[in-house]
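The values are calculated or read from the model by the stated rules, or taken from the named source; none is laboratory data. This one's a predicted model, so the numbers in the text were calculated from it and none came from an experiment. Please note: Cβ atoms are built from the backbone with ideal geometry, for glycine as well, and neighbour counts cover all protein chains shown.
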Amino acid sequence: MPALHILKEAPLPDGTLWAYIRSLRHFIAHPLEHLEERFERHGDIYRTRIGDWLHYYQLGHPDYARHVLQENQKNYVKSDVFLHVKLLLGNGLLTSEGDFWRRQRRLAQPAFYKARIQALYDRMAEECQNRVNAWQQQLNAGQQVLPVYKDMMALTLNIAGHTMLGYDSSELTDTVNRNFSYAHEFVNRRIQRPVNFPAHLPLPSHRRFWKSVRVLDDIVQEIIAHKRRHPGGADLLSLLMETVDEQDGSSMTDTQLRDEVLTFYIAGHETSANVLAWALYLLATHPEVQTALAQELSTLPEGIPPVAELMALPLLGAVINETMRLYPPAWVIPRKALKDDQVGNYKIHRDANVVISVYHLHRHLQFWDNPADFDPYRWMDGRTENLHKFAYIPFGAGPRICIGQHFALQEIRLVLALLLRRFCIAYQGPAIAPKPLVTLRPDSELPLTIRLRT
Ligand code: HEM
C-alpha cells in the first residue's frame with residue numbers, strides 16, 4: 001500500500017465556492033442526473049469540498065464499496081446524514097453505532113431468521129388477499145384506474161402492523177402515511193442543505209415536523225403498551241420484548257423498543273412499497289414480461305401458494321432483482337471516515353463524508369450491458385453469474401447489511417404473485433421519474449389500469 005501522502009487526490013470538479021454553490025443547486029434539483037454526469041466525466045470517484053476541512057466523496061466502483069462496507073468498515077461510521085434521520089427514528093438499529101448497535105443487532109437478529117419470517121407468511125398472505133379482494137371490488141364497481149403507489153404503501157404498512165407489531169393498524173394507515181411523508185421530506189431537506197437551523201428552534205416547519213413525530217410516537221407507544229397488556233404472539237415485537245441478552249441478562253427498555261419498532265415499522269414498509277410500485281410500473285410498461293410472469297404464476301397451486309414454491313419461481317425473483325437494480329430504494333449509502341484512508345489510489349481525508357452511490361453501481365457500464373434497460377432475463381441466462389459481489393447491493397453489505405431482507409423479499413414475492421395472478425395491469429401516461437429522497441420513490445402517484453386476467 002503506498003504511503004498516504006503520495007496518493008492521488010480525487011477529482012474536484014467544483015473547486016471554487018461559486019462552482020460549489022452552482023453544483024449544489026443542480027444536485028438538489030436533479031440529484032440522479034447530477035451524480036451520473038459527474039461520474040461519467042470524472043470516473044468512479046470524485047469529491048466536493050467546503051474550505052479545507054469538509055470533504056465529500058462520491059464512490060461509484062464496486063471495489064470502493066467493498067472497501068468501505070466490508071474490508072475497512074471499522075474506519076467508517078454512519079455519516080452526519082443519520083443525525084437528521086435520528087430526529088425521526090431515534091437510536092434504533094439503522095442509526096446507532098458501536099457497542100450499543102452491536103447489542104441491539106444481537107438481540108434483534110433471531111427475530112429475522114428465515115424460519116421466523118416464514119412463520120409470518122400466513123399473516124402476510126391474509127393482508128395481500130385483502131388487497132386483491134379490494135381491487136376486485138373496485139373493479140366490480142367500475143373503477144379501473146387505481147392509485148397503485150398509495151395502495152402499496154397502505155398494504156405494506158398493514159403487513160408491517162400485523163407481522164411486526166401484532167397490531168391491526170389499518171385504521172391508522174392514512175395518519176401514519178401523512179405524518180411519515182411530512183417527516184420524511186423534512187429530514188430529506190435537512191440532509192440536502194449544507195447548513196440547517198437547530199431542529200428544536202420553534203420555526204413553523206420545525207413545529208410541524210415535531211408534531212408529526214409525536215403522532216407517530218404516540219401510535220408506537222400505544223402499540224407497545226397494548227403488547228405489554230396482551231403479551232405473546234409470533235410477531236417481531238413480541239419476540240423482541242421476550243428476548244434476553246445472553247451476555248448480561250437484560251432486555252430492551254421501552255425507549256429502545258420504541259426506536260427499534262419505529263425503525264422496523266417505517267424503514268420496513270416504505271422500502272418494500274417502493275419496490276412493489278416500481279415492479280408494477282415496469283411490468284405494466286413491459287407487457288411481454290408480464291405475460292411470461294403470469295404464465296409462471298399459473299403453475300402455482302390455487303389459493304395461498306406454499307412459501308417454498310413461491311420462493312423458487314425464477315422469473316418472479318429475476319423481476320424483483322431487476323427492479324431493485326434499476327430503482328434501488330437505498331440509492332446511496334452514506335458513511336463518515338474516522339481516519340485518513342485510501343480507496344483505490346485515492347486519498348480519503350479523515351472526517352470526510354463518503355457516499356456510496358448504489359444507483360451508479362447498479363448501472364455501471366463495466367458491469368452491466370444495456371444498464372438502462374429493464375431486462376429480468378439477465379438474472380436467468382448466466383450474465384450475472386460472475387458479477388462483482390459489490391456491483392449489486394440493494395440491501396447494503398458488510399456488518400450493517402439490511403436485517404429485514406428475507407422479510408422484504410418474501411413480502412414482495414407474495415404481493416406480486418397474488419396481484420398478478422388475478423389482474424392484468426397497464427399504464428398509459430408520461431414516464432414516471434424517480435424521486436430520490438432518503439429512499440428512491442416514484443415522483444408521482446402511479447395510476448395503473450387493471451382488468452381481470454383471463
Ligand atoms: C426492499 C426492501 C428493503 C431494502 C431495499 C432495504 C435496504 C437496506 C439497506 C441498503 C440497508 C443498509 C443501510 C446502511 O448500510 O447504511 C438497510 C438496513 C436496515 N434495514 Fe432494510 N431494506 C429493506 C427492507 C427492510 C425491512 C422489511 C426491514 C424491517 C423489517 C428493514 C430494516 C432495516 C434495518 C433495521 C437496517 C439497519 C441494520 C443495521 O444497521 O444493523 N429493512 N436496509
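If the condition is being more than 25 Å from the chain's Cα centre (by Cα), in a helix (DSSP H, G or I) and hydrophobic (A, V, I, L, M, F, W, C), then the stretch 27-66 contributes no residue at all. Of all the listed residues (P314, P328), the sole one being touching a residue at least 40 places away in the same chain (Cβ under 8 Å) and closer than 27 Å to V176 by Cβ is P328. Total residues in the stretch 427-454 satisfying the condition of being away from the ligand (no atom under 16 Å from the Cβ), polar (S, T, N, Q) and outside any strand (DSSP E or B): the figure is 3. Scanning the stretch 67-81 for residues that are among the basic types (K, R) and in a strand (DSSP E or B) yields a count of 1. Has the stretch 395-406 got any residue that is of a type in the set (V, I, T) and within 8 Å of the ligand (Cβ to nearest atom)? Yes, because at least one residue in the stretch 395-406 is of a type in the set (V, I, T) and within 8 Å of the ligand (Cβ to nearest atom).
Would you mind stating whether G404 is small (G, A, S) and closer than 17 Å to L276 by Cα? It is true that G404 is small (G, A, S) and closer than 17 Å to L276 by Cα.
Here is a yes/no grid of residues against (1) in a loop (DSSP other than H, G, I, E, B); (2) touching a Leu at 6+ places or on another chain (Cβ under 6 Å); (3) modelled with pLDDT of 95 or more:
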{"residue": "L276", "(1), (2), (3)": "no, no, yes"}
{"residue": "A284", "(1), (2), (3)": "no, yes, yes"}
{"residue": "L300", "(1), (2), (3)": "yes, no, yes"}
{"residue": "L315", "(1), (2), (3)": "no, yes, yes"}
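Can you say whether I333 is among the aliphatic types (A, V, I, L, M) and under 25 Å from Q104 (Cβ atoms), as far as the supplied structure shows?
Numbers: among the aliphatic types (A, V, I, L, M): yes; under 25 Å from Q104 (Cβ atoms): yes.
Judged against the criteria, I333 is a match.
Being assigned to a helix (DSSP H, G or I) and of a type in the set (K, R) is true of R378.
Entry remark, the stretch 294-310: residues being farther than 22 Å from F407 by Cα and in contact (Cβ under 8 Å) with a residue 24 or more places away in the chain number 2 in total. Against the definition (more than 23 Å from the chain's Cα centre (by Cα) and closer than 15 Å to L419 by Cβ), how does Q143 come out, yes or no? No, not satisfied.
The residues of the stretch 228-249 that are more than 27 Å from the chain's Cα centre (by Cα) and assigned to a helix (DSSP H, G or I), listed by number, are R228, R229, E242.
Among the residues making up the stretch 195-221, none is acidic (D, E) and over 19 Å from T173 (Cα atoms).
A quick yes/no check of all residues on (1) out of contact with any strand residue (DSSP E or B) (no Cβ under 9 Å at 6 or more places or on another chain); (2) away from the ligand (no atom under 14 Å from the Cβ); (3) aromatic (F, W, Y); (4) under 19 Å from R441 (Cβ atoms):
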residue	(1), (2), (3), (4)
F264	yes, no, yes, no
A267	yes, no, no, yes
V275	yes, no, no, yes
A279	yes, no, no, yes
S298	yes, yes, no, no
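Pairs meeting the criteria (first residue in the stretch 386-412 and touching a residue at least 12 places away in the same chain (Cβ under 8 Å) and more than 20 Å from L94 (Cα to Cα), second residue within 6 Å of the ligand (Cβ to nearest atom) and of a type in the set (G, A, S), beta carbons under 8 Å, at least 6 apart or on different chains) are E411/S272; I412/S272.
Given the condition of a type in the set (K, R), within 16 Å of the ligand (Cβ to nearest atom) and assigned to a helix (DSSP H, G or I), answer yes or no: does some residue in the stretch 409-418 qualify? Can you show your working first?
Narrowing the stretch 409-418 to residues of a type in the set (K, R): 413.
Narrowing the set further to residues that are within 16 Å of the ligand (Cβ to nearest atom) leaves 413.
From what is left, the residues that are assigned to a helix (DSSP H, G or I) are 413.
Among the residues of the stretch 409-418, at least one is of a type in the set (K, R), within 16 Å of the ligand (Cβ to nearest atom) and assigned to a helix (DSSP H, G or I), which makes the answer yes.
Please specify each residue of the stretch 352-376 satisfying the condition of being loosely packed, with under 14 Cβ neighbours inside 10 Å and more than 29 Å from R49 (Cβ to Cβ). Of everything in the stretch 352-376, those that are loosely packed, with under 14 Cβ neighbours inside 10 Å and more than 29 Å from R49 (Cβ to Cβ) turn out to be D369, N370, A372, D373.
Could you look through the stretch 314-369, keep only residues that are of a type in the set (S, T, N, Q) and more than 30 Å from E97 (Cα to Cα), and pick out the one that is farthest from the ligand (Cβ to nearest atom)? Result: Q366.
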